[in-house]
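**Q** Could you have a look at this structure, given as structure tokens, before my questions?
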Amino acid sequence: IDFGFKTVPRQQKEALVGQVFSNVASSYDIMNDLMSGGLHRLWKHRLVETLAPFAGMQHLDVAGGTGDVAFRVLRAIQTAEQIDRQLPQQPQQWQAHQAQQQAGQQQQEQHQQQQGAVTVFDINAEMLEVGKQRARARGLTTGLSWVQGNAEQLPFPDACMDSYTVAFGIRNVTDRHAALCEAHRVLRRGGRLLCLEFSQVSLPLLRQVYDAYSFNVIPKIGGLVAHDEASYQYLVESIRQFPDQESWADQIRDAGFRAVTHENLTGGVVAIHSGFKL
Ligand code: SAM
């Protein structure tokens with residue numbers, strides 16, 4: 001199968017993307033480490049740091065795959081909730097806090113109401129299945145839900161989410177404008193979209209090295225480790241096709257987001273775009 005975009009009609013892209021991720025699901029996480037030299041962990045760390053999760057946050061991670069970003073967000077929410085329980089921030093809350101501690105049951109109910117939750121959303125059942133197994137292995141049993149579907153049509157009501165992330169996923173979506181409009185719809189006013197995606201390297205030397213690495217080395221690693229060179233060839237080509245930082249920011253604005261900014265990481269190999277629903 002030739003995964004090159006130029007030879008694939010638009011209507012077939014979704015099926016091909018589905019096939020690619022079904023093929024790579026079981027080796028996806030190890031391949032991420034191998035291909036990026038572990039850098040994807042730093043990039044995702046920065047994404048979650050930028051998001052600054054808070055207690056009670058309702059978060060949606062689209063194209064969430066095997067749950068890597070979702071697990072980090074959930075842990076950060078739970079840490080924030082633990083801190084909130086132990087240390088009320090406002091002096092006037094101390095009295096209420098002490099009363100709550102005496103009324104154990106009542107306090108428990110209140111904390112349950114405040115609990116944040118993360119939804120992992122992905123089109124691919126195999127990726128979600130690997131994610132569920134990883135969550136079980138990590139003991140992440142509460143606060144996570146898994147939903148299968150297309151980012152272009154989210155099965156969630158309007159204004160139900162505080163935040164939305166999409167990491168290394170939006171470039172695989174056929175109608176990105178529809179996906180961004182859906183992101184805008186499900187966010188509450190003040191809610192934030194963060195998109196981590198491969199981008200355009202502007203430094204000429206770094207660009208040459210990066211191009212040589214991605215076109216020659218990544219498909220070979222994919223062939224050796226995942227026994228699927230073609231899928232990794234597709235992934236590399238999809239990176240090349242993705243708009244540059246400024247064009248992507250414009251497309252985010254076109255979907256209604258405001259205060260749109262971006263941060264380049266590793267010289268623009270990836271960028272985090274941020275936008276608010278205001
Ligand atoms: N976000 C995860 C991470 O960073 O590790 C997974 C990224 S993986 C490169 C891309 C994911 O996008 C795959 O799991 C794929 O199934 C998903 N995907 C592709 N097209 C999609 C769509 N239209 N709607 C939802 N998910 C999609």
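**Q** Here are some conditions: (1) assigned to a loop (DSSP other than H, G, I, E, B); (2) modelled with pLDDT of 90 or more; (3) over 21 Å from residue 16 (Cβ atoms). Residue 202 meets all but one. Which one does it not meet?
**A** Against the list (1) assigned to a loop (DSSP other than H, G, I, E, B); (2) modelled with pLDDT of 90 or more; (3) over 21 Å from residue 16 (Cβ atoms), residue 202 comes up short only on (2).
**Q** Of the residues that sit in the range 170-189 and are within 13 Å of the ligand (Cβ to nearest atom) and not in a helix (DSSP H, G or I), which one is most open to solvent (accessible area, probe 1.4 Å)?
**A** 175
**Q** Pick from 192, 207: which is surrounded by fewer than 23 Cβ atoms within 10 Å (Cβ to Cβ) and either of a type in the set (Asp, Glu) or within 20 Å of residue 120 (Cβ to Cβ) (or both)?
**A** 192
**Q** Still on this structure, I have one more. Can you name the condition, by its number, that residue 234 falls short on among (1) at pLDDT 95 or above; (2) within 13 Å of the ligand (Cβ to nearest atom)?
**A** Condition (1) is where residue 234 drops out.
**Q** With the checklist (1) at positive phi; (2) touching a residue at least 12 places away in the same chain (Cβ under 8 Å) in hand, flag the one item residue 34 doesn't pass.
**A** (1)
**Q** If I filter the range 241-248 for residues that are more than 16 Å from the ligand (Cβ to nearest atom), farther than 23 Å from residue 69 by Cβ, assigned to a helix (DSSP H, G or I) and open to solvent by 30 Å² or more (accessible area, probe 1.4 Å), do I get at least one hit?
**A** Taking every residue of the range 241-248 in turn, at least one turns out to be more than 16 Å from the ligand (Cβ to nearest atom), farther than 23 Å from residue 69 by Cβ, assigned to a helix (DSSP H, G or I) and open to solvent by 30 Å² or more (accessible area, probe 1.4 Å).
**Q** Filter the range 115-148 down to residues that are more than 14 Å from the ligand (Cβ to nearest atom) and among the charged types (D, E, K, R) and give me whichever is most open to solvent (accessible area, probe 1.4 Å).
**A** Step by step, filter the range 115-148, then rank; the result is 136.
The values are calculated or read from the model by the stated rules, or taken from the named source; none is laboratory data. No experiment lies behind these values; they were computed from the predicted model shown. Virtual Cβ from ideal backbone geometry, glycine too; neighbours counted across all protein chains shown. In case anyone asks, the SASA skips ligands and DNA or RNA and just uses the protein heavy atoms, side chains included. Shrake-Rupley method; radii C 1.70, N 1.55, O 1.52, S 1.80 Å.
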